[in-house]
Amino acid sequence: MRVLKKQAISRRSFLKGSTVTALGLTVMGPTIFGKNNAWSATFKNISADDGATLVQMARDIYPHDHLADKYYAAVISGYDKAAGKDKSLKGMIGKELKKINSASMKKYKNNYRMINREVERVDILKANTKSPLFAKVRGDLVVGLYNNKEVWPKFGYEGESASKGGYLNRGYNDIDWLDKV
Amino acid sequence: MAKFSKSDNSVAVIIGSGAGGGVLGMELALKGIKTVILEAGGRHNPQDFVNDEWASFGQISWLDKRTTSGDWRVARDFSGLPSWIVKAVGGSTLHWAGASLRFQPHEWKVKTEYGNIKGASLEDWPIDHKEMDKWYTKAENHMGTLGTGGRERLPGNNNYKVFEAGAKRMGYKDFHTGNMSINSKPYDGRIACQQIGFCFQGCKSGAKWSSGYVSIPKGEATGKLEVRTHAQVLKIEHGKDGKVNGVVYADKKGTIHKQRARIVCVAGNSIESPRLLLNSESNMFKNGLANSSGQVGRNYMRHMTASTYAIFERPVYFYRGTTMAGIVTDESRNDPSRGFVGGYELETLALGLPFMAAFLDPGQWGREFTASMDQYDHMAGLWIVGEDMPQASNRVTLHKKFKDKFGMPTPNVHFSDHENDIKMRNHAWKQSTALYESVGATKVIQTPPYPSTHNLGTNRMSAKARDGVVNKHGQSWDVKNLFISDGSQFTTGAAENPTLTIVALAMRQAEYIAKQMSSKAI
Ligand SMILES: Cc1cc2nc3c(=O)[nH]c(=O)nc-3n(C[C@H](O)[C@H](O)[C@H](O)COP(=O)(O)OP(=O)(O)OC[C@H]3O[C@@H](n4cnc5c(N)ncnc54)[C@H](O)[C@@H]3O)c2cc1C
Ligand code: SF4
């Protein structure tokens with residue numbers, strides 16, 4: 001059976017794409033940039049802190065431990081551009097993040113993204129699923145994250161096949177373990 | 001290619017170029033009848049299709065505003081997308097998977113067969129299986145349907161092999177790789193399937209039948225068929241004699257045109273067809289055209305559907321090869337001892353990663369969901385399609401406020417499951433879960449219905465004028481030169497995917513229209 005290695009992006013290009021410079025900000029919490037500063041979004045309209053919170057939120061909504069932050073950030077960085085043009089979006093993001101942070105402050109004595117345990121952050125999200133921000137991030141992510149061609153190999157999805165002659169000679173029927181179950 | 005004048009009142013006008021409209025257009029042209037197809041979408045060649053789910057959705061799907069109501073989950077999960085159909089030459093036969101099944105004989109007569117079912121508006125079709133037999137054969141030969149006419153079925157892909165192993169363990173008897181209208185060998189000038197796996201996105205190799213690039217060109221070659229693209233019909237007009245005499249349509253720029261007609265055939269799929277009739281109200285037809293019975297837009301059916309996805313310890317790569325690659329028909333019988341009337345089919349199905357994320361468990365998030373997605377390459381899957389109960393209250397209506405870019409009121413699709421639908425769905429989930437567990441599934445996900453791909457019944461055929469919209473030839477009870485030529489004429493939906501039946505009915509209707517025209521009855 002033609003089995004794929006679930007990894008396709010080489011380490012080198014991965015590092016090359018990440019200019020961490022502007023984000024070496026001191027306000028950055030350890031949960032994001034301290035342990036994984038592999039993404040390069042530099043936000044202009046959303047504060048770096050809010051940007052990092054949104055990325056953490058995105059990961060907590062669709063947690064894939066084999067995906068780097070940059071794939072989540074790719075969706076979130078769109079908000080920064082949009083917030084530049086759309087004041088109400090910018091306002092909504094700021095307001096809703098404040099609500100989420102104050103809820104987490106109350107319960108876990110920390111801002112949302114500074115909470116170390118995923119279950120606790122998820123607990124805060126669960127209490128805020130009615131938030132328009134939650135709905136927006138989830139809705140955009142379910143399309144944006146999984147429609148990113150760079151992540152497909154990491155799930156074992158090969159994408160476009162017509163140019164390779166389909167799967168006729170590339171394993172459409174090569175399953176080899178059925179007689180063992 | 002023919003080009004007819006807009007003032008030519010001797011042409012047959014067909015609205016929509018999908019399964020019904022495209023085939024009717026071909027057949028009328030082959031009979032020498034001057035025909036104009038008006039199609040709201042554009043035209044794409046097979047090479048232009050893209051192996052990319054969302055990009056293809058943007059390229060060919062019908063994206064105009066629609067609203068939903070009722071208790072179906074689609075109204076909650078995809079409130080602006082009640083159905084998934086195509087706006088392009090070929091209609092939804094560009095998206096379709098190719099499963100081409102005949103109705104079972106009893107499914108033409110379910111009112112008789114099932115008796116009175118509370119809340120259901122069942123009727124018998126005014127046609128029976130004996131009469132349909134030759135039309136089915138003609139349709140199968142035209143579409144190159146496998147497993148019929150001596151055409152060999154496709155080899156099974158990985159998804160099918162898992163399914164087949166499970167079917168055997170379940171003791172099922174009737175399973176195979178399906179009666180697909182996809183070439184297993186070169187046929188009708190088109191090549192054999194390359195197992196590309198993007199059948200829903202328009203088959204780039206042309207191995208899959210579509211009215212868009214198979215039927216319509218055959219019609220055009222006669223010099224009797226003109227297909228006008230980017231022509232969305234807004235209204236059907238009639239004269240003082242109560243007969244229709246032309247249609248009003250908008251082109252790409254929004255410019256309004258009129259095309260005169262001797263007869264008009266409506267084939268815009270089961271949401272757009274009733275929308276158009278309702279929007280064609282006049283002083284003479286205050287309730288909408290062809291609607292003296294009040295049945296236009298009612299009895300909307302979408303098949304009882306659902307999916308089952310299973311995760312295995314080892315990889316499957318179910319997306320390799322044909323999207324729909326096999327069927328179990330054992331559950332399609334009518335056996336009320338299961339707690340419901342009618343039956344269902346199990347048909348393998350694979351989605352790409354982007355669509356799987358959107359449809360596996362809509363609205364879901366968190367680790368339970370992503371743990372399943374992480375096993376995408378270890379998944380097998382199937383789609384459940386069964387007969388749903390027609391209900392008068394499930395219906396397409398015109399929205400009171402919203403209008404599309406041409407000023408035409410947008411449609412609202414109201415649907416609630418019948419109790420029978422729910423019982424059947426639960427049974428099918430249970431059986432298909434057991435099927436996958438029998439071959440070692442470690443996790444099984446019961447996926448709710450997608451936006452409707454099978455839209456049926458909103459201008460139904462009936463034996464008596466008061467019970468439906470059209471007679472046994474798809475001819476309006478009220479207006480004799482007005483026809484319904486798509487899936488909206490279905491009296492009931494049967495358990496089978498509808499397209500073969502839509503095509504067979506269009507061929508049968510063409511013969512009737514030709515006779516009526518030559519005897520000057522219309
Ligand atoms: C993803 C998918 C998979 C499917 N798989 C299968 C399968 O395996 N087997 C099966 O039997 N069926 C399948 N179907 C269903 C099948 O495609 C439809 O049932 C069938 O195409 C319906 O035929 P129709 O003539 O009613 O409408 P359509 O084929 O949808 O054609 C309607 C056409 O009318 C046009 N139109 C609408 N309104 C107007 C207007 N006002 N003016 C001008 N033009 C208009 C539309 O743009 C469209 O081109 C599938 C559908 C989808 C979406
Ligand atoms: S799998 Fe076959 S039918 Fe489907 S798109 Fe590919 S070539 Fe066409």
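None of the figures in this text is laboratory data; all of them are computed from the coordinates on show. Everything quoted here is computed from the prediction, not taken from an experiment. When we count neighbours, we look across all protein chains shown, and the Cβ atoms used for this are built from the backbone with ideal geometry, even at glycine.
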Test: residue in segment B:433-442 that is surrounded by fewer than 21 Cβ atoms within 10 Å (Cβ to Cβ), of a type in the set (S, T, N, Q) and assigned to a strand (DSSP E or B): no
What pairs come up if the first residue lies in segment B:146-157 and is away from every other protein chain (no Cβ under 14 Å), the second is among the small types (Gly, Ala, Ser), and their beta carbons are under 7 Å apart, counting only those six or more places apart or on different chains? B:Leu146/B:Ser184; B:Arg151/B:Gly144; B:Arg151/B:Ser184; B:Glu152/B:Ser184
Quick check, is B:Tyr344 among the hydroxyl-bearing types (Ser, Thr, Tyr), within 14 Å of chain A (Cβ to nearest Cβ) and out of contact with any Pro (no Cβ under 6 Å at 6 or more places or on another chain)? no
Quick one: in segment B:110-145, which of the residues that are part of a loop (DSSP other than H, G, I, E, B) and within 16 Å of ligand 2 (Cβ to nearest atom) is farthest from the other protein chains (Cβ to nearest Cβ)? B:Thr145
Within segment B:363-379, how many residues are surrounded by 18 or more Cβ atoms within 10 Å (Cβ to Cβ) and either more than 7 Å from chain A (Cβ to nearest Cβ) or touching a residue at least 12 places away in the same chain (Cβ under 8 Å) (or both)? 8
Of residues in segment A:117-135 being touching a residue at least 40 places away in the same chain (Cβ under 8 Å) and of a type in the set (D, E, K, R), the one farthest from the other protein chains (Cβ to nearest Cβ): A:Arg121
Taking segment A:147-181 as the search range and keeping residues that are over 16 Å from B:Ala350 (Cα atoms) and surrounded by 20 or more Cβ atoms within 10 Å (Cβ to Cβ), which one is nearest to the other protein chains (Cβ to nearest Cβ)? A:Asn147
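Which residues, taken from segment B:178-229, are without any contact (Cβ under 8 Å) to a residue 24 or more places away in the chain and either away from every other protein chain (no Cβ under 12 Å) or more than 12 Å from ligand 2 (Cβ to nearest atom) (or both)?
Answer for segment B:178-229, where residues must be without any contact (Cβ under 8 Å) to a residue 24 or more places away in the chain and either away from every other protein chain (no Cβ under 12 Å) or more than 12 Å from ligand 2 (Cβ to nearest atom) (or both): B:Pro186, B:Gly189, B:Pro217, B:Ala221.
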Specify which of the listed residues (B:Thr177, B:Thr148) is more than 19 Å from B:Leu349 (Cβ to Cβ), within 16 Å of ligand 1 (Cβ to nearest atom) and of a type in the set (Val, Ile, Thr). B:Thr148
May I ask you to list the residues in segment A:64-107 that are within 14 Å of chain B (Cβ to nearest Cβ) and crowded, with 19+ Cβ neighbours inside 10 Å? A:His64, A:Leu67, A:Tyr71, A:Tyr72, A:Val75
Members of segment B:89-109 that are within 6 Å of ligand 1 (Cβ to nearest atom) and either closer than 15 Å to B:Phe49 by Cβ or within 14 Å of another protein chain (Cβ to nearest Cβ) (or both): B:Gly91, B:Ser92, B:Thr93, B:His95, B:Trp96, B:Ala97, B:Gly98
Only one of B:Leu349, B:Leu353, B:Leu360 is within 15 Å of ligand 1 (Cβ to nearest atom) and either out of contact with any His (no Cβ under 9 Å at 6 or more places or on another chain) or in contact (Cβ under 8 Å) with a residue 60 or more places away in the chain (or both); which? B:Leu349
For B:Val248, work out the one condition from (1) surrounded by fewer than 19 Cβ atoms within 10 Å (Cβ to Cβ); (2) more than 24 Å from the chain's Cα centre (by Cα); (3) more than 15 Å from ligand 1 (Cβ to nearest atom); (4) more than 14 Å from every other protein chain (Cβ to nearest Cβ) it doesn't fulfil. (3)
